[in-house]
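Here is the structure we will look at.
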2 protein chains.
Amino acid sequence: MDSGWMRTVLVLLGVFGSCRGLQPDYTEQGDPELQSASGSSKYGSLWPLPQKVQISDVSFRLSVSGFRIRDAKESSAGPSCSLLQNAYRRYYEYILGGAGVKKQKPGKNWRSGPSELTELQVWITSPDSDCDAFPSVTSDESWMTSLFTFYLLGLETFSQLVYEDEYGAKSINSSVISDFPRFAHRGILLDTSRHFLPIKVILANLETMAMNKFNVFHWHIVDDPSFPYLSRTFPQLSQQGAYHPYTHVYTPADVKMVIEFARLRGIRVIPEFDTPGHTQSWGKGQPDLLTPCYSGSTPSGTFGPVNPILNTTYDFMKQFFTEVSTVFPDGYVHLGGDEVDFSCWKSNPDIKKFMDQQGFGQDYSKLESFYIQKLLDIVTTTKKGYMIWQEVFDNGVKLKPDTIIHVWKGTQQQYQNEMANITSSGYQTLLSTPWYLNRISYGQDWQGHYKADPQDFKGTEAQKKLVIGGEACLWGEYVDATNLTPRLWPRASAVAERLWSSKDVKDISDAYNRLTVHRCRMVQRGIPAEPLFYGFCPHEYKGI
Amino acid sequence: MDSGWMRTVLVLLGVFGSCRGLQPDYTEQGDPELQSASGSSKYGSLWPLPQKVQISDVSFRLSVSGFRIRDAKESSAGPSCSLLQNAYRRYYEYILGGAGVKKQKPGKNWRSGPSELTELQVWITSPDSDCDAFPSVTSDESWMTSLFTFYLLGLETFSQLVYEDEYGAKSINSSVISDFPRFAHRGILLDTSRHFLPIKVILANLETMAMNKFNVFHWHIVDDPSFPYLSRTFPQLSQQGAYHPYTHVYTPADVKMVIEFARLRGIRVIPEFDTPGHTQSWGKGQPDLLTPCYSGSTPSGTFGPVNPILNTTYDFMKQFFTEVSTVFPDGYVHLGGDEVDFSCWKSNPDIKKFMDQQGFGQDYSKLESFYIQKLLDIVTTTKKGYMIWQEVFDNGVKLKPDTIIHVWKGTQQQYQNEMANITSSGYQTLLSTPWYLNRISYGQDWQGHYKADPQDFKGTEAQKKLVIGGEACLWGEYVDATNLTPRLWPRASAVAERLWSSKDVKDISDAYNRLTVHRCRMVQRGIPAEPLFYGFCPHEYKGI
């Protein structure tokens, strides 16, 4: 999978020859906690590391007034492609606005004075590329056809090659880069139910995702605590179920903006509407949707999961997911299916009766499967593929062959077994267990995230190919607009490299050196990415 | 210690009668992590809780255009006191700018329509109060004389009583409050060496300290990694030892600004210049200050702690601390003295010789004490009191009777024993061990911080009185401008209440209810204080 396209784009350009570390070089004696690597990588600040990088010492300068990014004459795309024009503007700013995050010593060719690089030509070679299409991953290969996405990624790589020399001049070294992602699905899950996230925060994190070559925003949009999704069909869901019906909702226009902002950055938006559990907030605006729990022989006034024994439930789901299928253009929707608590179902006499009628005995996972099966059939009619959390697979629900099973539970050994089971059954899968970034601990926990590998389980090559990637999850119990961004970055960057770069890119020390500079680059681009360890950025964050 | 002054200020005013919680009241079933308390406190959002609070249902409205804060006729202070005038402006903004962080149902007296509260009179009763003085704590009682500080605190309390009623009108309920702090020393330690903190960040956190009635900023200004303090006497220290000599230093004007900003908020600034360990950055700009380490019989090129056997060391310290004593007006300076690593001293033949001459044998803690003793004598000549980390006491160094010993090590049992030992020796002490807020963990760790009590050790009443308070420490390994503020708040608020409120204020559930609203108030005042658990603020943070 050597992708000629990016070589075409970047063939004239280069990378850091040598560079000063951001860490002071004092002795570590006297402080047992001074244990970080401290130096520079021969790959400069490239993050995630491309598949092949050849670096030369020949440097070029970029003139602030003269440098241009333009469509190559031969390119099949032109000024009418707003996706590209938008990207040119964005990256011009990043490259020349205040780009180079660190100074470095001039390359060996400095003595003769560097030449000037006057333009970056973007050459789209595929005549049938659709500039207005949405990014997609429908199979192992077809992502290669989404050329525009990869040109966006190439621009990011180019921007990471630019640095400031000793005199503050923006420079780039000649080099050859071939690149492609190891996994097609590289996602971030954000949870807008436990805390509402203002649109501004979502957009800033989509922007940062692009800097890290993530390509899927898994929008866990509703859950027990609140229902901020404003449904045109069922407006009462957010009217009653959001934290506030006006200030804490996502209107159709908001959702559209998020999707378009993501598209311009090569990012898919996959919404999750998790049922039958995690639905407390749904019940407020949709009477009879949830199961009434009983205390003895009388209703307790509380409610459990979606009520699976009423026809009205499925009528509702049909209408709701039909709307979802039109609002969200991506080919997939995430249907949840995790953590269904049976205690309420068990308390309800109507449910018990239904269980008897269906011959489910005391096995409530059969009832769960009954519900899910009907839901999957409904969603199938909307022409969407679906992703589900692993419990649905574990419970033996019948799934379409293209179902993506999302692994999130257990110890390392448990999730590796799960991946082996899923893939031996022929399903595609996606890993999140080691990447629950909401779970924080003291110290450099990014190293643990970096070491986890989604193909690290016992299985055939064919099985390994069914692993389409992974997602870093930031569940919302303890994060909102005040702390989400620094908690996510650069910790999620570790996951980004694992999902993009070659399997054998695993030198923690080299990663540390590149990541510290990459994080300063994010800071300089206005993103409050937190530090890995003591040290500094030439340009510190300007906010508080 | 019933302080009539604050009763005078607030006698007409009141507090929340009842209020809606910010948490939705759905059932907790189906999500094992939904375990937070959820409701409202009869004390509204007061934080830290005053010593005595009597609340009535009689509410008054505050008119945006009509409400005034002014000096009472009888007050001994007037418009010439810029500290007060400054505070009036600040609190007018907080109270009426966008104050009330939550709506509540009207009080019982609503039916007759609330009266209007037109002014808050500030009545300074002490004729000899000095508006331009710095806040200080020199003994157990004398803080009572610093009346201005307490008027500032009274304004904060007043502002916390104001809320928005159902119609958005700013309101306050009549009540009587008597208040005073349980401990005189309520500090926050910030570390500007491991990461440089822009002045803006320091000021924002001083502002937030005032909202939480903290009164000491312990400025751990230099350490191993960098020396950002720009010394007039030894400019090479920051020239060589800062991360960057211009962008990552605190100039004399910066320091002055921090001190004045703090003073206007009743906050003392105590600088820490930690020696003889933690001084790697000092060595860069001050040759011969640090001990050369040896590898066998030759210098290894690395350096250890301050070299205690040279006269030049003490000449330097004399000049340096004389400067410090003039730059920082507070009566105390923190001299560090923690974590001295002996390995370098042990390797150095000149040190060995000196040890022999002094008859210290192999006991390097005697050498450490030798150094510290001379340092303390030097600092005593600058007319400053000093604080030191507990090792200095543990090593048996002779201390002035007014020395404050700062406890930071060990398990709960160990620090309790340490507090008992220190106070039985008659010294004043200060606790930090349970409040290392840099150490993060998943979940509501503020509850642990809240439960710790600095007087919780075996000792007499006289011993307990020697505990002057505590400090929450946020060491800088993993925090800088990008993440410091949300990591500190509201976790430090838990410590604030422990140090201010009565010992028997320890209802976690009531604290949770008040603290969630207090944190939303901080957010509304522009501070990105992170959430305690899922839920929302009426006005979410506007940044990213």
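The values are calculated or read from the model by the stated rules, or taken from the named source; none is laboratory data. This structure is a prediction, so every number in the text was calculated from the model and none was measured. Every residue, glycine among them, receives a Cβ derived from its backbone with ideal geometry; neighbour counts consider all protein chains shown. In case anyone asks, the SASA skips ligands and DNA or RNA and just uses the protein heavy atoms, side chains included. Shrake-Rupley method; radii C 1.70, N 1.55, O 1.52, S 1.80 Å.
Data for the structure
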| quantity | calculated |
| --- | --- |
| Residues (of a type in the set (K, R) and more than 14 Å from chain B (Cβ to nearest Cβ)) located in the stretch A:417-474 | A:K451, A:K458, A:K464, A:K465 |
| Of the criteria (1) in contact with a helix residue (DSSP H, G or I) (Cβ under 9 Å, 6 or more places away or on another chain); (2) under 25 Å from B:V379 (Cα atoms); (3) open to solvent by 20 Å² or more (accessible area, probe 1.4 Å); (4) not aliphatic (A, V, I, L, M), which one B:T275 fails | (3) |
| Qualifying strands (runs of 3 or more DSSP E) (wholly inside the stretch A:266-322; at least 1 residues being assigned by the TED database to the domain that holds A:I372 and of a type in the set (K, R)) | A:268-272 |
| Subset of the stretch B:243-264 [small (G, A, S) and buried (at least 18 other Cβ atoms within 10 Å of the Cβ)] | B:A262 |
| Test: residue in the stretch A:292-302 that is open to solvent by less than 10 Å² (accessible area, probe 1.4 Å), within 14 Å of another protein chain (Cβ to nearest Cβ) and free of Cβ contacts under 8 Å to residues at least 60 places away in the same chain | yes |
| Per-region count, the stretch A:200-213, residues within 11 Å of chain B (Cβ to nearest Cβ) and not small (G, A, S) | 7 |
| Residues of the stretch B:56-70 that turn out to be touching a Pro at 6+ places or on another chain (Cβ under 7 Å) and open to solvent by 20 Å² or more (accessible area, probe 1.4 Å), as a count | 2 |
| The listed residue being over 30 Å from A:H185 (Cα atoms) and in contact with a strand residue (DSSP E or B) (Cβ under 6 Å, 6 or more places away or on another chain), out of A:N307, A:N311 | A:N307 |
| Of residues in the stretch B:373-385 being assigned to a helix (DSSP H, G or I) and under 26 Å from the mean Cα position of the chain (by Cα), the one surrounded by the most Cβ atoms within 10 Å (Cβ to Cβ) | B:L375 |
| Verdict on B:V216 being in contact with a strand residue (DSSP E or B) (Cβ under 6 Å, 6 or more places away or on another chain), farther than 15 Å from B:V249 by Cβ, more than 8 Å from chain A (Cβ to nearest Cβ) and open to solvent by less than 10 Å² (accessible area, probe 1.4 Å) | yes |
| Looking only at the stretch B:239-255, and only at residues there that are of a type outside the set (V, I, T) and not in a loop (DSSP other than H, G, I, E, B), the one that is nearest to the other protein chains (Cβ to nearest Cβ) | B:G241 |
| Breaking point among (1) within 14 Å of chain B (Cβ to nearest Cβ); (2) in a helix (DSSP H, G or I), for A:A262 | (1) |
| Some residue of the stretch A:437-447 being among the basic types (K, R), in contact with a Leu (Cβ under 8 Å, 6 or more places away or on another chain) and surrounded by fewer than 22 Cβ atoms within 10 Å (Cβ to Cβ) | no |
| 3 or more residues assigned by the TED database to the domain that holds B:L399 and among the charged types (D, E, K, R): qualifying helices (runs of 4 or more DSSP H) within the stretch B:411-475 | B:461-465 |
| When residues of the stretch B:78-96 are limited to those that are modelled with pLDDT of 90 or more and open to solvent by 60 Å² or more (accessible area, probe 1.4 Å), the one nearest to B:M522 (Cα to Cα) | B:E93 |
| Those residues of the stretch A:513-537 which are among the hydrophobic types (A, V, I, L, M, F, W, C) and either without any contact (Cβ under 8 Å) to a residue 40 or more places away in the chain or within 7 Å of another protein chain (Cβ to nearest Cβ) (or both), in sequence order | A:V523, A:A529, A:F533, A:F536 |
| Residue within the stretch B:69-77 that is over 25 Å from B:Y332 (Cβ atoms) and modelled with pLDDT of 85 or more present | yes |
| Where A:V479 falls short, out of the listed (1) open to solvent by less than 30 Å² (accessible area, probe 1.4 Å); (2) without any contact (Cβ under 8 Å) to a residue 40 or more places away in the chain | (2) |
| Boolean, B:T313 is more than 14 Å from chain A (Cβ to nearest Cβ) and without any contact (Cβ under 8 Å) to a residue 60 or more places away in the chain | yes |
| Qualifying positions in the stretch A:97-124 - modelled with pLDDT of 50 or more, open to solvent by 10 Å² or more (accessible area, probe 1.4 Å) and not hydroxyl-bearing (S, T, Y) | A:G97, A:G98, A:G113, A:P114, A:E116, A:L117, A:E119, A:Q121, A:W123 |
| Given (1) open to solvent by less than 10 Å² (accessible area, probe 1.4 Å); (2) free of Cβ contacts under 8 Å to residues at least 40 places away in the same chain, number of the condition A:V392 does not satisfy | (2) |
| So B:F196, is it within 25 Å of B:A492 (Cα to Cα), of a type outside the set (D, E, K, R) and open to solvent by 10 Å² or more (accessible area, probe 1.4 Å) | yes |
| Test: residue in the stretch B:401-419 that is surrounded by fewer than 22 Cβ atoms within 10 Å (Cβ to Cβ) and aliphatic (A, V, I, L, M) | no |
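Results for (1) in contact (Cβ under 8 Å) with a residue 40 or more places away in the chain; (2) more than 19 Å from the chain's Cα centre (by Cα), shown as yes or no for each residue.
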| position | (1), (2) |
| --- | --- |
| A:G187 | yes, no |
| A:A210 | yes, no |
| A:V216 | yes, no |
| A:P225 | yes, yes |
| A:S238 | yes, yes |
| A:G241 | yes, yes |
| A:P245 | no, yes |
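A quick yes/no check of all residues on (1) open to solvent by less than 10 Å² (accessible area, probe 1.4 Å); (2) more than 25 Å from B:T382 (Cα to Cα); (3) aromatic (F, W, Y):
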{"position": "B:L310", "(1), (2), (3)": "no, no, no"}
{"position": "B:T313", "(1), (2), (3)": "yes, no, no"}
{"position": "B:F321", "(1), (2), (3)": "yes, no, yes"}
{"position": "B:H334", "(1), (2), (3)": "yes, no, no"}
{"position": "B:C344", "(1), (2), (3)": "yes, yes, no"}
{"position": "B:S347", "(1), (2), (3)": "no, yes, no"}
{"position": "B:D350", "(1), (2), (3)": "no, yes, no"}
